[in-house]
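This report refers to the structure that appears directly beneath it.
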Number of protein chains: 2
Amino acid sequence: MATSRSHRPATRSRGIPEATVARLPLYLRALTTLSERSVPTVSSEELATAAGVNSAKLRKDFSYLGSYGTRGVGYDVEYLVYQISRELGLTQDWPVVIVGIGNLGAALANYGGFASRGFRVAALMDADAALAGKLVAGLPVRHIDELEAIVEDNQVSIGVIATPAGAAQEVCDRLVTAGVTSILNFAPTVLQVPEGVDVRKVDLSIELQILAFHEQRKAGEQGQGPDGDVPAVMPA
Amino acid sequence: MATSRSHRPATRSRGIPEATVARLPLYLRALTTLSERSVPTVSSEELATAAGVNSAKLRKDFSYLGSYGTRGVGYDVEYLVYQISRELGLTQDWPVVIVGIGNLGAALANYGGFASRGFRVAALMDADAALAGKLVAGLPVRHIDELEAIVEDNQVSIGVIATPAGAAQEVCDRLVTAGVTSILNFAPTVLQVPEGVDVRKVDLSIELQILAFHEQRKAGEQGQGPDGDVPAVMPA
DNA sequence: ATGTCTTTGTGAACGCGTGCACAAAGATAG
DNA sequence: CTATCTTTGTGCACGCGTTCACAAAGACAT
């Protein structure tokens, strides 16, 4: 699909559905893999399978970005990688700070997926003074007191909180005050933030509990009376 | 959220909506906190605030469980803790195996939220023989070859994959074959599983990319020079 | 008992996301 | 140029989830 000039300048009415945005990274990953294998084009069917969604959904998702496919052929891999990257804002540099360098924080710092997508770890921070200066993933741990200066100096707009639950809200407040407007929270707490600040949370415990629910349901369904429900006792 | 069940009723007529199930752990956490403070009852308004949702949604969620509130008063904290725990299946013991004891696996093993909710780490496993026997979070790392035996001996039905992406599918296959029917996947890959197996994925990279999208949008909305900062045309 | 006040539980309306199914668009062959 | 074949892009219908708004239920005071 040689770049023809029939592409419109994206007349999208200012808004890609949230559900679509959440899937774009998935498509991007699948496309990157194809790109590395030098696959030139891919059909919606193939790409959908690789991304674990159905093809109609994928086509509709792409339709929000514009008409980037060629009927009878499919999508140009390289071109789509570029379009999605741009749409997600990955063509620019995003400095990130990670606060709380325990097991989890260290894991995040070492995670390769960071750098590969325009995310740059600007600093690792911890409240424990004993950690200061120690190298983690090649970066020195800085003391939390430097937070404000680091955020400002590096123009950090994304913060990752990997502290214990008790410290999360305070760290969050300081990040927001310093200028951070997007937060990825790994601490098991609900964070209060002012209007305009985005928070996404990753909560291991919640995921496990959801699995447990379905697991219980599966166990209860087989060989169970028409009543269906599992136990049902009442405490005092 | 990532419940990967494609074609199916998804929610039972007798069942609880998936969206509600995903919020129950949130309520449970807030209720547990109240319980520790010996608060006897709580209104939907208060609890909703603590859990970060709106009160109408909370009441509707609880209505799927039954009528556990008292009009004019609110909900009995202890009773609700019990009901939600039971509904989620947390009143029973869930043995869990963690595969891949790198930075992330170790972080998960050390995570306290595990044990506190009926989840018991039955074993830590890694493909690296050099790790075998090493203590992590008080448990010895076992070699991956023991996977099948461990799953069977401990009646494990939930597996956590914290391996590199390349190893995830193979580990997943082995877990499923051995009898695991719920998987929590931290590896950045789409896992293929047979019907009846639930997979939930936690993907740091995806969360960051979603934040970047919104961050970009925020940056583009304000100021916005005559040149229209954000989007763009294609690279001719 | 009666009235007032608080808070739940839910019917109904609405909006978003999903999946079907097909027409339109382009490639390709004759 | 015409016919055929492939695959996109999308109109439409449907179902899930959210929110509103209020009647019903109970607590509490008099």
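With +1 on each Lys and Arg Cβ and -1 on each Asp and Glu Cβ, how big is the dipole of the protein assembly as shown about its Cα centre, in debye rounded to the nearest 20?
My answer is approximately 1220 debye.
Summing Lys, Arg as +1 and Asp, Glu as -1, what charge do residues with Cβ under 15 Å from the Cβ of residue B:42 carry, residue B:42 excluded?
Value of the local net charge: -2.
Residue by residue through B:45-58, how many Cβ atoms from other chains fall within 10 Å of the Cβ on average?
Mean shielding by partner chains, rounded to a whole number: 1.
In segment B:34-130, with Lys and Arg counted as +1 and Asp and Glu as -1 at Cβ, which of these residues, B:112, B:41, B:63, has the Cα nearest the positive end of the dipole, that is, farthest along it?
B:63
Could you list the square roots of 5 times each eigenvalue of the Cα gyration tensor of segment B:18-88, that is, the equivalent ellipsoid semi-axes, sorted largest first and rounded to whole Å?
Largest first, segment B:18-88 gives 16, 13, 12 Å.
Net charge near residue B:100, counting Lys/Arg +1 and Asp/Glu -1 over other residues with Cβ under 10 Å of its Cβ?
-2
I need the inter-copy label distances for residue A:66: point set 7 Å along Cα to C-beta, values in nm with one decimal, smallest first.
Nearest to farthest, the other copies are at 5.7 nm.
Is chain B best put as rounded, prolate or oblate by its Cα gyration tensor, with a ≥ b ≥ c the root eigenvalues, rounded for a/c under 1.5, and otherwise prolate when a/b is larger than b/c, oblate when not?
It comes out oblate by the Cα gyration axes.
So for chain A, averaging the separation of alpha carbon pairs under 8 Å that are six or more residues apart and normalising by length, what relative contact order in percent results?
12 percent.
What's the local net charge at residue A:31, with K and R +1, D and E -1, over the other residues with C-beta under 15 Å away?
Around residue A:31, the surrounding residues sum to -1.
So what's the gap between the Cα centers of segment A:172-204 and segment B:63-119, to the nearest angstrom?
Their Cα centres are 23 Å away from one another.
Rolling a 1.4 Å sphere over the protein heavy atoms, what is the accessible area per residue of segment B:11-134, to the nearest Å²?
45 Å²
Which of the three applies to the protein assembly as shown, rounded, prolate or oblate, going by the alpha-carbon gyration tensor with a ≥ b ≥ c and a/c under 1.5 meaning rounded?
It comes out rounded by the Cα gyration axes.
Scan around residue B:134 for amide H atoms under 5 Å from its own, H built in the peptide plane at 1.01 Å from N, and keep only partners 5 or more places away or cross-chain.
B:141
Between copies, how far apart are the residue A:143 label points? List them in nm, one decimal, shortest first, with each point 7 Å from Cα toward Cβ, please?
4.7
Which of B:95, B:140, B:194 ends up with the largest GNM mean-square fluctuation for chain B, with Cα atoms connected below 10 Å?
The residue with the greatest mean-square fluctuation here is B:194.
Once you've got the GNM for chain A with C-alpha springs shorter than 10 Å, pick whichever of A:183, A:210, A:144 has the biggest mean-square fluctuation.
Its mean-square fluctuation being the largest, the pick is A:210.
Rank A:132, A:109, A:187 by mean-square fluctuation in a GNM of chain A with C-alpha springs under 10 angstrom and give only the top-ranked residue.
With Cα springs under 10 Å in chain A, the top fluctuation among A:132, A:109, A:187 is at A:132.
Out of A:149, A:176, A:163, whose Cα points farthest toward the positive end of the dipole of segment A:97-183 (charges: +1 Lys, Arg; -1 Asp, Glu; placed on Cβ)?
Going by the charge dipole, the pick is A:163.
Once you have a ≥ b ≥ c as the square roots of the Cα gyration tensor eigenvalues for segment B:94-205, tell me rounded if a/c is under 1.5, and otherwise prolate or oblate according to whether a/b is larger than b/c.
Note, shape of segment B:94-205 comes out rounded.
Using a simple spin-label model with points 7 Å from Cα along the Cα→Cβ vector, what separation in nm is obtained for residue A:60 and residue B:145?
Label at residue A:60, label at residue B:145, 5.0 nm between them.
What are the nm distances, shortest first, from residue B:35 to its equivalents in the other copies, labels at 7 Å along Cα→Cβ?
4.9
Just to be sure I follow the rule: in the protein assembly as shown, considering lysines 8 or more places apart or on different chains, how many pairs have Cα atoms under 29 Å apart?
Total qualifying Lys-Lys pairs in the protein assembly as shown comes to 23.
The values are calculated or read from the model by the stated rules, or taken from the named source; none is laboratory data. As the structure is a prediction and not an experimental result, all values here were calculated from the model. Virtual Cβ from ideal backbone geometry, glycine too; neighbours counted across all protein chains shown. The accessibility values were calculated without ligands, DNA or RNA, using every heavy atom of the protein model including side chains. Shrake-Rupley method; radii C 1.70, N 1.55, O 1.52, S 1.80 Å.
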